[in-house]
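The values are calculated or read from the model by the stated rules, or taken from the named source; none is laboratory data. Remember, it's a predicted structure, so these values are computed and weren't measured experimentally. Neighbour counts are summed over all protein chains in view; Cβ atoms, including those assigned to glycine, are modelled from backbone coordinates with ideal geometry. With ligands, DNA and RNA removed, areas are computed over all heavy atoms of the protein, side chains included. Shrake-Rupley method; radii C 1.70, N 1.55, O 1.52, S 1.80 Å.
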Amino acid sequence: MTAQAATNGPISTDNPLLAPWIGPFEVPRFGEIEPAHFVPAFERAMAEHNAEIAAIVGNPAPPTFANTIVALENSGRTLGRVSDVFYVLAGAHTDDAIQAVEREMSPRLSAHHSAIRLNGDLFRRIDKVMHDAPAAGLDPEQMRVLERYHTDFRRAGAHLDQAAKERLAAIGQRLASLGTAFSQNVLADERDTFIELDGEDDLAGLPDFVRSAAREAAEARGLQGKYVVTLSRSSVEPFLQYSSRRDLREKAFRAWMARGDMGGATDNKAIIAEMVALRAERAKLLGYPTYADYRLDDSMAKTPRAVRDLLGDVWPRALKRALADRDGLQALAQAEGGNFKIAPWDWRYYAEKLRKKLHDVDEAAIKQYLQLDRIIEAAFDTANRLFGLRFREVMGVPVWHPDVRVWDVSDANGKHVALFFGDYFARPSKHSGAWMTSLRDQEKLIGDVRPLIVNVMNFNKGAPGEPVLLSYDDARTLFHEFGHALHGMLSDVTYPKISGTNVDTDFVELPSQLYEHWFERPEVLRKFAVHYRTGEPIPEDLLKKMLDARTFNQGCATLEYVASALVDLEFHSLPAADELDVSAFERATLEKLGMPGEIAMRHRSPHFQHVFAGSAYSAAYYSYMWSEVLDADAFRAFEEAGDIFDPAVAAKLRDNIYAAGGRRSSDEAYIAFRGKLPSPEALLARRGLVDAVPAGEA
């Protein structure tokens, strides 16, 4: 059966969201979709889903895996399809009309899904299938899917009394509305707040690539002939790194840190306070002392204590390193005549100078060898050498913005695997950050359904006619998100419930962070890091200096991250949060940690979208570091084999991690690949926070 037949459901000639998807790859009709199509499509899809659920509940036959779990897997397909299209647009190319739909539909969708997850009759059927499972002859994948449904319904509260269910549903609807408002407020601040640079004095110290990006950002806002620093990380960080105007660095930094914290209609502090209180109340209703306990109970970490143990081990090591770096930066500033104590807006500026002094390398020199197109090729070539994948760019596929590029992905035998969409450039209609999502997930339940996988970035465009040059961190981010994409593309499971990235939050970053390792290997960089003008490969001495400098400034970077993770965890460890003063709580948490005043959180709470624009990483921002323990150890498997593309190790990695989806628990999946769970030593060594540990001894 084709993916078309698998996913289309009822056909409508009026609404392109409900009509058949088109072309040989069967993709959404983006050229025909208007914001006005979404609410009617959602309403029809929800009604269809409700009818499907009613049929399952009303089935007079005894509950079985086929008539209950498989039926649930097959329900809501139209709704899933409409939602996938909508949220790609809401994140990557939104406008006032899309945002209005989002505000209307987020609580309605929450209410719809809550009504299903809290349906006692439906849960009783699932519970009966679970009870009868030992005698049902289920295979391991079916058993895993059943377990996940049973766990999800219990964690939703399907077993509770009616009053508790009604309150949980109300909390869910309110949290959905608040999360949407939070996200839209951050986007509004990023879109409407920027620093205009006027004349050569304001551009002092900025290299050509930063000036070019600032010119492009100004033109995107209708400011021809001007220069603009936006509050996107890819814009403001290079400015802070190079601008010799300390007053403008301070202005840019304060605006960047103030996203969601500017007072007025877009201020997010009251939203955070309410969300934290509602999450705490939800946890209590479900029998947990705090939301963090509830959230982590269904994760690799299991408990807040386990998270604190990991982050608490890393923090003092990173703090020691950061304080030593601070003293070096302060000495450099004073040597240059700076009669001031360095501040957060000075750190990147003097760190870049100190890196050049210590390692004889700077970002401007590195960028000349990191062309966007060549880094995309490097990511594709790595996937080919590891997994046999081939990528062919295709034109004419409907996309949501002209900048989006599309590739047909096939395996070593030429069989179609997936369609990959790359949306690489920043624009006012796009949320900041970088992410992977999908328009369709892999499955085999109703045919060989091939996935439509999306990567979204926020890179700055180059000058007209010039190639796009990436920073080292941007290039690594491209590999990171492509690692997520591979997790979706290589998925090889039967059931949608466990497809692709449907795994624990503190495991889902393993495939992405592991993929970053190949970007940092000389074998890859020698081939793809070529000068954007001459085409010459990166010189060996520059390559060595660049790789030697990888752990430079890791004390600061680690504190930025861990501080954010711990503030997130502490918010959600409150048993109640009445009258929460968000700013005071954040400040007190950082003071307790001993956060240096010269370093800021990577994500301050008022713009912490991982945690408050939805719930994906709420009480779980630690997941990146938990997964880093895994990925640092996982790459050692290739190092121990003596070949970073070792076919046997790559096959084991594919079968147990990238292709396995949620077929096993995270612990079981990792042990199947590596033979054991890791300890943090490899992580600490990778960040330069301890002496390197020999491969195989961690």
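Filter the range 284-320 for residues that are open to solvent by 60 Å² or more (accessible area, probe 1.4 Å) and part of a helix (DSSP H, G or I); which is farthest from residue 668 (Cα to Cα)?
Only one residue fits best here, namely 320.
Six or more apart or on different chains, Cβ atoms under 9 Å: show the pairs whose first residue is in the range 278-306 and on the phi > 0 side of the Ramachandran plot and whose second is assigned to a helix (DSSP H, G or I).
287/294; 302/296
Mind counting the residues in the range 492-502 that are closer than 19 Å to residue 671 by Cα, open to solvent by less than 10 Å² (accessible area, probe 1.4 Å) and under 18 Å from the mean Cα position of the chain (by Cα)?
Going through the range 492-502 one residue at a time, the tally reaches 1.
Could you tell me how many of the residues in the range 579-590 are crowded, with 17+ Cβ neighbours inside 10 Å and assigned to a helix (DSSP H, G or I)? Working first, answer last.
Taking the range 579-590 first, the residues crowded, with 17+ Cβ neighbours inside 10 Å are 580, 582, 585-586, 589-590.
When the remaining residues are screened for being assigned to a helix (DSSP H, G or I), the result is 582, 585-586, 589-590.
Looking only at that region, the number is 5.
Suppose the filter is at pLDDT 95 or above and not basic (Lys, Arg); does residue 467 pass it?
No.
Run down 156, 214 and say which single residue is under 25 Å from the mean Cα position of the chain (by Cα) and crowded, with 19+ Cβ neighbours inside 10 Å.
So the residue among 156, 214 that is under 25 Å from the mean Cα position of the chain (by Cα) and crowded, with 19+ Cβ neighbours inside 10 Å is 156.
Name every residue in the range 133-144 that is touching a residue at least 12 places away in the same chain (Cβ under 8 Å) and under 21 Å from residue 61 (Cα atoms), in order of residue number. Even if it seems obvious, please write down each step before you answer.
Taking the range 133-144 and keeping what is touching a residue at least 12 places away in the same chain (Cβ under 8 Å), we get 133, 136, 138, 140-142, 144.
133, 136, 138, 142, listed by residue number.
For the range 4-18, state whether one or more residues are surrounded by 13 or more Cβ atoms within 10 Å (Cβ to Cβ), modelled with pLDDT of 95 or more and hydrophobic (A, V, I, L, M, F, W, C).
yes
Within the set of pairs 6 or more residues apart or between chains, which connect a residue that is in contact (Cβ under 8 Å) with a residue 40 or more places away in the chain inside the range 314-341 to a residue that is of a type in the set (Lys, Arg) and open to solvent by less than 60 Å² (accessible area, probe 1.4 Å) with Cβ atoms less than 9 Å apart?
314/687; 317/687; 318/687; 321/687
Suppose we keep only residues that are of a type outside the set (Val, Ile, Thr) and assigned to a loop (DSSP other than H, G, I, E, B) within the range 217-241. Which one would you say is most open to solvent (accessible area, probe 1.4 Å)?
224
If residue 403 satisfies all but one of (1) open to solvent by 20 Å² or more (accessible area, probe 1.4 Å); (2) assigned to a helix (DSSP H, G or I), what's the number of the condition it fails?
So residue 403 meets the others, but not (2).
Do any helices (runs of 4 or more DSSP H) entirely within the range 488-578 hold 1 or more residues that are in contact with a Pro (Cβ under 7 Å, 6 or more places away or on another chain) and among the small types (Gly, Ala, Ser), and if so, which? Working first, answer last.
Working: elements: 505-519, 522-528, 540-548, 554-571.
Counting at least 1 such residues, we get no helices (runs of 4 or more DSSP H) at all.
When both residues are 6+ apart or on different chains and their Cβ atoms are under 7 Å apart, which pairs have a first residue that lies in the range 541-555 and is at negative phi, and a second that is surrounded by 17 or more Cβ atoms within 10 Å (Cβ to Cβ) and among the β-branched types (Val, Ile, Thr)?
If the second residue must be surrounded by 17 or more Cβ atoms within 10 Å (Cβ to Cβ) and among the β-branched types (Val, Ile, Thr), the pairs left are 542/361; 545/361; 546/361; 546/366; 549/361.
Please work out if residue 150 is surrounded by fewer than 21 Cβ atoms within 10 Å (Cβ to Cβ) and within 28 Å of the chain's Cα centre (by Cα).
Taking the combined requirement at face value, the residue satisfies it.
Considering only the range 503-536, state which residues are of a type in the set (Val, Ile, Thr), more than 28 Å from residue 311 (Cβ to Cβ) and open to solvent by 10 Å² or more (accessible area, probe 1.4 Å).
Passing the criteria: 530, 534.
Check every one of the helices (runs of 4 or more DSSP H) wholly within the range 87-161 and list those with 1 or more residues that are aromatic (Phe, Trp, Tyr) and on the phi < 0 side of the Ramachandran plot.
120-132, 140-156
For residues that are over 28 Å from the mean Cα position of the chain (by Cα), more than 13 Å from residue 71 (Cα to Cα) and in contact (Cβ under 8 Å) with a residue 60 or more places away in the chain, tally how many sit in the range 34-57.
1
Kindly indicate which of 170, 181, 176 is closer than 30 Å to residue 661 by Cβ and part of a helix (DSSP H, G or I).
Values: 170 fails: closer than 30 Å to residue 661 by Cβ; 181 fails: closer than 30 Å to residue 661 by Cβ.
Within the list 170, 181, 176, the selection yields 176.
If the requirement is being farther than 30 Å from residue 185 by Cβ and either of a type in the set (S, T, N, Q) or modelled with pLDDT of 95 or more (or both), which of these qualifies: 419, 439?
419
Which of the residues spanning the range 348-390 are open to solvent by 40 Å² or more (accessible area, probe 1.4 Å) and either within 23 Å of the chain's Cα centre (by Cα) or closer than 16 Å to residue 538 by Cβ (or both)?
Matches in the range 348-390: 359, 360, 368, 373, 374, 377.
Of the residues that sit in the range 201-210 and are out of contact with any Pro (no Cβ under 6 Å at 6 or more places or on another chain) and at pLDDT below 95, which one is most open to solvent (accessible area, probe 1.4 Å)?
Of everything passing the filter in the range 201-210, 208 is most open to solvent (accessible area, probe 1.4 Å).
Go through the range 186-198 residue by residue and tally those that are open to solvent by 40 Å² or more (accessible area, probe 1.4 Å) and either part of a loop (DSSP other than H, G, I, E, B) or touching a strand residue (DSSP E or B) at 6+ places or on another chain (Cβ under 8 Å) (or both). Walk me through it before giving the result.
Narrowing the range 186-198 to residues open to solvent by 40 Å² or more (accessible area, probe 1.4 Å): 191-192, 194, 196, 198.
From what's left, either part of a loop (DSSP other than H, G, I, E, B) or touching a strand residue (DSSP E or B) at 6+ places or on another chain (Cβ under 8 Å) (or both): 194, 196, 198.
Residues meeting the conditions: 3.
Taking strands (runs of 3 or more DSSP E) that fall entirely within the range 411-477, which contain at least 3 residues that are in contact with a Cys (Cβ under 6 Å, 6 or more places away or on another chain) and surrounded by 17 or more Cβ atoms within 10 Å (Cβ to Cβ)?
Those strands (runs of 3 or more DSSP E) do not exist here; none qualify.
Does residue 274 meet the test of being in contact with a helix residue (DSSP H, G or I) (Cβ under 8 Å, 6 or more places away or on another chain), in a helix (DSSP H, G or I) and open to solvent by 50 Å² or more (accessible area, probe 1.4 Å)? Outline the logic, then answer.
Details: in contact with a helix residue (DSSP H, G or I) (Cβ under 8 Å, 6 or more places away or on another chain): yes; in a helix (DSSP H, G or I): yes; open to solvent by 50 Å² or more (accessible area, probe 1.4 Å): yes.
Here the answer is yes, as residue 274 does meet what is asked.
List the helices (runs of 4 or more DSSP H) that sit entirely inside the range 597-698 and contain at least 2 residues that are open to solvent by less than 30 Å² (accessible area, probe 1.4 Å) and over 30 Å from residue 580 (Cα atoms). Don't jump to the end; show me each part of the working.
Details: elements: 609-612, 623-641, 647-653, 666-674, 681-686.
Where helices (runs of 4 or more DSSP H) fall fully within the range 597-698 and carry at least 2 residues being open to solvent by less than 30 Å² (accessible area, probe 1.4 Å) and over 30 Å from residue 580 (Cα atoms), they are 623-641, 647-653, 666-674, 681-686.
Given the options 138, 168, 122, 109, name the one that is within 17 Å of residue 286 (Cβ to Cβ) and of a type in the set (A, V, I, L, M).
Just a single option satisfies the conditions, and that option is 168.
If you go through the range 82-98 one residue at a time, how many are open to solvent by 20 Å² or more (accessible area, probe 1.4 Å) and either of a type in the set (Phe, Trp, Tyr) or over 21 Å from residue 455 (Cα atoms) (or both)?
Number of matching residues: 3.
Tell me yes or no: at least one residue of the range 170-185 is within 30 Å of residue 64 (Cβ to Cβ), touching a residue at least 12 places away in the same chain (Cβ under 8 Å), in contact with a helix residue (DSSP H, G or I) (Cβ under 7 Å, 6 or more places away or on another chain) and open to solvent by less than 40 Å² (accessible area, probe 1.4 Å).
yes
For the range 252-271, what are the residues that are of a type in the set (S, T, N, Q) and part of a loop (DSSP other than H, G, I, E, B)?
268
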